[in-house]
1. Any residue that is under 13 Å from the mean Cα position of the chain (by Cα), part of a loop (DSSP other than H, G, I, E, B) and among the hydrophobic types (A, V, I, L, M, F, W, C) - is there at least one of those in the range 134-147?
2. Among (1) under 27 Å from E38 (Cα atoms); (2) open to solvent by 80 Å² or more (accessible area, probe 1.4 Å); (3) out of contact with any Lys or Arg (no Cβ under 9 Å at 6 or more places or on another chain), where does N55 come up short?
3. What residue, of G136, G75, is farther than 18 Å from W33 by Cβ, open to solvent by less than 80 Å² (accessible area, probe 1.4 Å), of a type outside the set (S, T, N, Q) and touching a residue at least 12 places away in the same chain (Cβ under 8 Å)?
4. Can you find even one residue in the range 79-96 that is open to solvent by 20 Å² or more (accessible area, probe 1.4 Å), farther than 26 Å from W13 by Cβ, of a type in the set (A, V, I, L, M) and over 13 Å from the mean Cα position of the chain (by Cα)?
5. Please pick out the residue among I98, I127, I80 that is in contact with a strand residue (DSSP E or B) (Cβ under 7 Å, 6 or more places away or on another chain) and part of a helix (DSSP H, G or I).
6. Do we find that S36 is in contact with a helix residue (DSSP H, G or I) (Cβ under 7 Å, 6 or more places away or on another chain) and on the phi < 0 side of the Ramachandran plot in this structure?
7. Taking the range 1-41 as the region of interest, how many residues are touching a residue at least 24 places away in the same chain (Cβ under 8 Å) and over 18 Å from R145 (Cβ atoms)?
Amino acid sequence: MYIGLVSDTHGVWDPEFEEFLSPCDVLWHAGDWGGSVEFTKRISSFKPVVGVHGNCDGQDIRLVYPRYRFFDCEGASVLITHIGGYPGHFDPHAKALIESLRPGIFVCGHSHILKVMYDSHYNMLCINPGAAGKQGWHVVRTALRFKLEDGEVKDMEVFNLQHEN
């Protein structure tokens with residue numbers, strides 16, 4: 001399966017992101033959609049979405065997208081939540097979920113910093129796609145795409161778009 005991964009769109013969805021993500025079968029969105037449910041429908045009309053809400057999302061989005069998702073995909077157990085942290089520095093709520101659910105892949109957003117790290121303590125790949133939106137201090141907007149086959153992440157690619165105000 002070909003996965004597209006974004007986070008922190010904050011109400012912005014550019015044609016360049018659609019072009020990069022167009023080969024993907026599904027999008028994972030790690031929260032802070034921004035805007036309204038109509039904005040989330042714009043993205044989910046492009047590709048099927050598995051997503052969560054973020055700390056900046058309103059009640060309308062929170063009613064559609066939960067705080068976290070845990071599911072199996074192509075032989076991998078996947079945990080997605082917005083505020084997560086990274087190996088050695090996990091948010092307490094995320095750490096409790098990780099210890100309870102033991103995912104093979106952990107996805108989060110929030111920091112606006114693209115980071116892919118393997119956590120040997122929890123035996124999982126940690127992925128933060130950075131921020132696709134314009135809100136925040138980051139200077140490059142990012143997204144990821146990769147293949148997920150037999151529980152393994154393969155052929156990961158990074159998309160960069162210069163942040164312009």
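The values are calculated or read from the model by the stated rules, or taken from the named source; none is laboratory data. These numbers were taken from a predicted model, which means no experiment stands behind them. Here the Cβ is made from the backbone with ideal geometry for all residues, glycine too, and neighbour counts use every protein chain on show. In case anyone asks, the SASA skips ligands and DNA or RNA and just uses the protein heavy atoms, side chains included. Shrake-Rupley method; radii C 1.70, N 1.55, O 1.52, S 1.80 Å.
1. No, the range 134-147 contains no residue that is under 13 Å from the mean Cα position of the chain (by Cα), part of a loop (DSSP other than H, G, I, E, B) and among the hydrophobic types (A, V, I, L, M, F, W, C).
2. Tallying (1) under 27 Å from E38 (Cα atoms); (2) open to solvent by 80 Å² or more (accessible area, probe 1.4 Å); (3) out of contact with any Lys or Arg (no Cβ under 9 Å at 6 or more places or on another chain), N55 fails exactly one: (2).
3. Working: G136 fails: farther than 18 Å from W33 by Cβ.
The conditions single out G75.
4. There is at least one residue in the range 79-96 that is open to solvent by 20 Å² or more (accessible area, probe 1.4 Å), farther than 26 Å from W13 by Cβ, of a type in the set (A, V, I, L, M) and over 13 Å from the mean Cα position of the chain (by Cα).
5. I98
6. Yes; evaluated as a whole, the condition is true for this residue.
7. 12
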